[in-house]
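Reading through the structure tokens given below for one structure.
The values are calculated or read from the model by the stated rules, or taken from the named source; none is laboratory data. Everything numeric here is computed off the predicted structure, so don't read it as measured data. Here the Cβ is made from the backbone with ideal geometry for all residues, glycine too, and neighbour counts use every protein chain on show.
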Ligand code: NAD
């Protein structure tokens, strides 16, 4: 049985990806920052109902040491790491002129450094296996920028460079690395937007609706599948036609 690790997967897009990969037949290693994220939450039950193994691992993916321990624990429990989805991410929005240094650093650390941490440790396991799939969550904010998101857009643009670098460094070992760049997807992250912001966003989207988490999970499933075996270093925008 193949195994997938999805970071930040107690809720939102990460949970949808975990459930979709369980439906695809992967054993699932869930991760989130605290036990509390899994309270009043049926994601583990839903995954086990698909007939696969599922464990949860508490780790802060911005910590190099936590990621090393996380990858070690998953490898020991499941025997292989076949898919890594770098999904964990946060927003701390504000106009650049008023953004405090620690707010900038926090978002870079959680969104961007985590990708280095997890790719380094899980990539080492995949190199030995001579196979693996790494899928990173970028964002349209990384492709086009977004006022009020200097920190977030920097981290999501960096992930695109990191995706291409990983594809080039690990490609000869049978490992692919791609990114998806979601537009506005209905999750707790976007629920925080004001009504005015939501209206302005819908106006820019060709399909005139937000995306659903399952619509991200479907593309991640494709990138993890055999059908995507010759796709690497690519960024797939999933935005309902936000910018064309
Ligand atoms: P979310 O806030 O619903 O879920 C993110 C999860 O990551 C949470 O469960 C959170 O606890 C976890 N997390 C945060 N910091 C962590 C850490 N240090 N270690 C481990 N886990 C941590 O967000 P979402 O909307 O599901 O977003 C998932 C990913 O998709 C993020 O990378 C986000 O930037 C990206 N994205 C989302 C949208 C959107 O519209 N929702 C658009 C583009 C990109």
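Observations on the structure shown:
- Any hit, the stretch 88-101, residues being crowded, with 17+ Cβ neighbours inside 10 Å, outside any loop (DSSP other than H, G, I, E, B), at pLDDT 95 or above and within 16 Å of the ligand (Cβ to nearest atom): no
- Flag if residue 166 is modelled with pLDDT under 95 and in contact with a helix residue (DSSP H, G or I) (Cβ under 6 Å, 6 or more places away or on another chain): no
- Some residue of the stretch 207-220 being modelled with pLDDT under 90 and either assigned to a helix (DSSP H, G or I) or in contact with a helix residue (DSSP H, G or I) (Cβ under 9 Å, 6 or more places away or on another chain) (or both): no
- When restricted to residues that are in contact (Cβ under 8 Å) with a residue 12 or more places away in the chain and either within 16 Å of the ligand (Cβ to nearest atom) or not in a helix (DSSP H, G or I) (or both), the stretch 146-172 contains 16.
- One residue stands out in the stretch 232-244 among those that are modelled with pLDDT of 95 or more and over 24 Å from residue 174 (Cβ atoms): the one that is surrounded by the fewest Cβ atoms within 10 Å (Cβ to Cβ), namely 241.
- Take the conditions (1) in a helix (DSSP H, G or I); (2) over 22 Å from residue 119 (Cα atoms); (3) away from the ligand (no atom under 15 Å from the Cβ); residue 44 misses just one of them, which is (3).
- Number of positions in the stretch 1-41 that are away from the ligand (no atom under 12 Å from the Cβ), at pLDDT 95 or above and in contact with a strand residue (DSSP E or B) (Cβ under 6 Å, 6 or more places away or on another chain): 8
- Lone unmet requirement of (1) surrounded by fewer than 20 Cβ atoms within 10 Å (Cβ to Cβ); (2) within 12 Å of the ligand (Cβ to nearest atom); (3) in contact (Cβ under 8 Å) with a residue 40 or more places away in the chain for residue 58: (3)
- Subset of the stretch 173-203 (residues that are assigned to a loop (DSSP other than H, G, I, E, B), surrounded by 13 or more Cβ atoms within 10 Å (Cβ to Cβ), more than 8 Å from the ligand (Cβ to nearest atom) and touching a residue at least 12 places away in the same chain (Cβ under 8 Å)): 174
- Residue count for the stretch 102-124 under the criterion of being more than 13 Å from the ligand (Cβ to nearest atom), within 22 Å of residue 228 (Cα to Cα) and crowded, with 18+ Cβ neighbours inside 10 Å: the result is 3.
- Matching option when the condition is within 17 Å of residue 123 (Cα to Cα) and in contact (Cβ under 8 Å) with a residue 40 or more places away in the chain, among 74, 103, 107, 52: 74
- Single residue of 138, 229 found to be under 23 Å from residue 116 (Cα atoms), exposed (fewer than 14 other Cβ atoms within 10 Å of the Cβ) and in contact with a strand residue (DSSP E or B) (Cβ under 8 Å, 6 or more places away or on another chain): 229
- Any hit, the stretch 190-205, residues being under 25 Å from residue 119 (Cβ atoms) and at pLDDT below 95: no
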